[in-house]
Amino acid sequence: MATTITVLSQKGGTGKTTTVRTLTEATPTITEVLAGTAKIKDADHGGIIPANLSLAEAELMLGGKMGRELTLKKALRDVKGSYDMILIDCPPALGLLTVNALVASDYALLSAEAQYFALQGIEQALEVIELARENLNPDLQLLAIVLNIADMRTRHSREAFDSLRQHFGDKLVDTVIRQSIAYAESAERALSILEYRPDLGEDYLNVAGELLKRLGMKDERKRLKALRKAPEPKDD
């Protein structure tokens, strides 16, 4: 049975989608799954269930549906036995789609940008997590907080990290995802950061190692070793 993790944030631009890596053109998508017009197995394209702009309509569609918060959880039942882990990328809002993801998940992983309002955004996300836990998913746990898009050479980023560490202790992942234009470049080329800039991809491998350790997934941690051979970095 797959461990399911929701990756969320209260705003865009914090690295959620880069963390999860989505597709945008394959069909059917998660929108059709939520609408009940496609099975989740049919929307599974090489281990990724994509989303596109039509997902913006899904929240309106779900609003008038009975048991709307459980829609994604029910859909995932058909594939949970096929994977060790399922990652759910959320929109940059704490609405019904995010609630669906949290209700369907075992853990929540928070993504935060290295900026002054990072703490406020995480606290807002934690409120939604607590509501989901109290009303619909009592087993939901906060797995970790990842600091994304950070330049640790600046005092601002270091202070953001220290503030999060002070408030959340070991829930904050030690590895920080470094800021780089290479993420936008890799998206333009439809390449993962692991392929385009393996040296930067190492940050994600380190985050993955920390998360797998927290989850007690020893065999999966061993698989990371094959991905740790990074060539010389390209210029930003």
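The values are calculated or read from the model by the stated rules, or taken from the named source; none is laboratory data. Only a predicted model underlies this, so the values are computations on that prediction, with no experimental measurement involved. For neighbour counting, all protein chains shown are included, and Cβ atoms are generated from backbone atoms with ideal geometry for every residue, glycine included. Please note that ligands, DNA and RNA were not included when accessible areas were found on the heavy atoms of the full protein model with its side chains. Shrake-Rupley method; radii C 1.70, N 1.55, O 1.52, S 1.80 Å.
For the pair D199 and K65 in one chain, pulling the backbone fully straight at 0.36 nm per residue adds 43.7 nm over the alpha carbon distance.
Label-to-label distance, S163 versus Q124, with points set 7 angstrom from Cα along the beta-carbon direction: 1.4 nm. In whole percents, the pair-distance distribution calculated for the chain from its alpha-carbon pairs, binned every 5 Å from zero, is 1, 6, 13, 18, 20, 18, 13, 7, 3, 1, 0. Quantify, in whole percent, the carbon and sulfur part of the accessible surface of the range 108-236 (1.4 Å probe; protein heavy atoms only). Of the solvent-accessible surface of the range 108-236, carbon and sulfur hold 49 percent. Here the dipole of the chain is about 580 debye; that uses its Cα centre as origin and unit charges on the Cβ of Lys and Arg (positive) and Asp and Glu (negative).
Give the shape of the range 57-180 as rounded, prolate or oblate, defined through the alpha-carbon gyration tensor: a ≥ b ≥ c are the square roots of its eigenvalues, a/c under 1.5 means rounded, and otherwise the shape is prolate if a/b is larger than b/c and oblate if not. Here the range 57-180 falls in the prolate category.
Would you be so kind as to identify all helices of the chain, as entire DSSP H runs, whose Cα atoms reach 24 Å or more along the helix's own axis and whose mean Kyte-Doolittle hydropathy is at least -0.5? Counting only whole DSSP H runs, the qualifying helices are 118-135, 198-215. Taking trypsin sites (Lys or Arg not before Pro) across the range 189-230, the ones in a DSSP loop with at most 15 further Cβ atoms lying within 10 angstrom of their Cβ are R189, R228, K229. Among beta bridges identified by DSSP and lying wholly in the chain, the antiparallel ones come to about 5 percent. In the chain, with Lys and Arg counted as +1 and Asp and Glu as -1 at Cβ, which of these residues, L224, G121, P92, has the Cα nearest the positive end of the dipole, that is, farthest along it? Working it through, the farthest residue towards the positive pole turns out to be L224. Surface exposure of the chain, expressed per residue as accessible area with a 1.4 Å probe, stands at 54 Å².
Between D151, D84, D219, the GNM of the chain built on Cα springs shorter than 10 angstrom shows D219 fluctuating the most.
With Rh defined as the Kirkwood radius, the inverse of the mean 1/r over Cα pairs, the Rg/Rh of the range 107-236 is 1.00.
Here the extension length gained between A56 and R155 equals 31.9 nm, from 0.36 nm per residue of separation less the Cα-Cα distance. The share of Cα pairs per 10 Å bin across the range 151-214, counted from zero up to the longest distance, runs 20, 41, 33, 6 percent.
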